[in-house]
Amino acid sequence: MLRQIHLLTSALMLTFIIPFTACAHGDRDDQRYKDDDKNSSIQLGPRPYFLVNDMDESALKKKLQSCVNSPAKKTNFSIGHRGAPLQFPEHTKESYEAAAKMGAGILECDVTFTKDKQLVCRHSQCDLHTTTNILATPLASKCSQNFSPFDPVSGKAASANCCTSDITLAEFKTLQGKMDAFNPKALSVDEYLKGTANWRTDLYANKGTLLTHAESIQLFKRLGVKMTPELKSASVAMPFEGTYTQAMYAQQLINEYKAAGVKARDVWSQSFDIQDVRYWINNEPEFGKQAVYLDDANTIADVPTAIDLQMYADEGFNIVAPPIWVLLALDNNNKIIPSEYARNAKKAGLKMITWSFERSGPLKNGGGWYYQTVNPAINNDGDMMDALHVLAKDVGVIGIFSDWPASVSYYASCMNLK
């Protein structure tokens, strides 16, 4: 028992020994970072073991427990969803470095644009008020809507709206990333900037280095990982300022990979907008081969049919990426199985990626939105590993986005997935 505690404590400490990687070094320094990353071991920390030990007794649990002392490896099956935002501010250098150290072989930069039409990593064009410190800076005056406090009489929530398109790239780079959260009952900016969920943490949120899309490419190259940018829907009318079209926006994303010398086979460009995917297939066919259509669905009624999926394939789509719940169902014995969508996508010859693992918080009361089709079978955190196994072995997904990539990396390493 003492030896197990020592191992877990050591792993926890190692997880957060993240090598500093600046965004501007000479060629010799760049090579040193590449060599350091290549030779360093993946550090998973204790969470994967916690999840495995929390599983119900099964052959899968025994298999995963058998890998506790086996070395973990970097794997493309494990995709860092905005980095590692379970504990690090999303889309920051620190979050990306943590995800790479946890074995994520692919990292995501959600891409949007600034007032001067420069590409940056943000989950939404208008989320700066919840993901950065902008409201506590002079740039708050440039927000589409500055801070408005909670009104205890009417019950109207505190609000703000700050967009990357409100500010220039130079101004964007002065901001600091924080955990994505806000307090709806805030009476002051300081109160509004708080509100992090109690199952996340602000422990590592005092330094969140924001990145341009081009900087993320250079960082990912140094970390030795592949890339999956998502072209975010614009929150402003397009063409922006009458001249910047959606096609220009989609092309600019690809151009930055070309300028950095990144091969198309190392990039999985994504979009919820089917027109973006069609644009890449038709205008950048090498990148279009791995373009990912983010097949969004909020309810069962929104789930694409077999006809829809075959249409995607006929148009030249190769990869679809719906949320986890769309790919899972329950049989008559409450056993998790592949959904009809998953079976239809496979019949159409489409590959599948899914999102997002480790995003639901504690699962003792069911899995919430991400597991809505299998909630009756979810009652503890370990159950997510059973869902992961069905996604990998029965559905056959080629990758899983995770807010804490170590958990997926552990599974993939144990099951010898690439």
Amide H partners (placed H, <5 Å) of Ser235, local residues excluded: Gln125
Straight-distance crosslink candidates among aspartates and glutamates, where the alpha carbon sits under 12 Å from Lys101 and sequence neighbours closer than 8 are dropped: Asp36, Asp37
Under Karplus coefficients 6.51, -1.76 and 1.60, residue-wise ³J(HN,Hα) of region 95-111 in Hz, glycine/proline x: 5, 5, 4, 4, 5, 5, 5, 8, x, 5, x, 9, 10, 10, 10, 6, 10
For peptides 58-70, 219-231, sequence by mean Cβ density within 10 Å, most packed first: 219-231, 58-70
Whether region 187-243 is rounded, prolate or oblate, judged on the alpha carbon gyration tensor where a/c under 1.5 counts as rounded: oblate
Too-long pairs where the Cα-Cα distance tops 20 Å, listed order kept, from Lys364/Lys418; Lys142/Lys173; Lys178/Lys263; Lys258/Lys418; Lys221/Lys263: Lys364/Lys418; Lys178/Lys263; Lys258/Lys418
Per-residue HN-Hα couplings for region 412-417 [Karplus 6.51, -1.76, 1.60; θ = phi - 60°; Hz; x = Gly/Pro]: 5, 5, 5, 8, 6, 8
Charge dipole magnitude, Cβ of K and R +1, D and E -1 - the chain, Cα centre, debye nearest 20: 1060 debye
Rg/Rh (Cα only; Kirkwood hydrodynamic radius) as it applies to region 114-228: 1.01
Selected from Asn198, Gln290, Gln65, residue furthest toward positive end of dipole (the chain; charges at beta carbon): Gln65
Distance from region 119-186 to region 243-289 (C-alpha centre basis), Å: 29 Å
Rounded to whole Hz, the Karplus (6.51, -1.76, 1.60) HN-Hα couplings of region 384-393, x for glycine and proline: 5, 6, 5, 4, 4, 5, 5, 4, 6, 8
Accessible carbon and sulfur surface of the chain relative to its total accessible area, %, 1.4 Å: 53 percent
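The values are calculated or read from the model by the stated rules, or taken from the named source; none is laboratory data. Computed from a predicted model, the values in this text were never measured in an experiment. Cβ atoms come from the backbone with ideal geometry, glycine included; neighbour counts cover every protein chain shown. The protein model used for the area step is the full one, side chains on, heavy atoms only, and it has no ligands, DNA or RNA in it. Shrake-Rupley method; radii C 1.70, N 1.55, O 1.52, S 1.80 Å.
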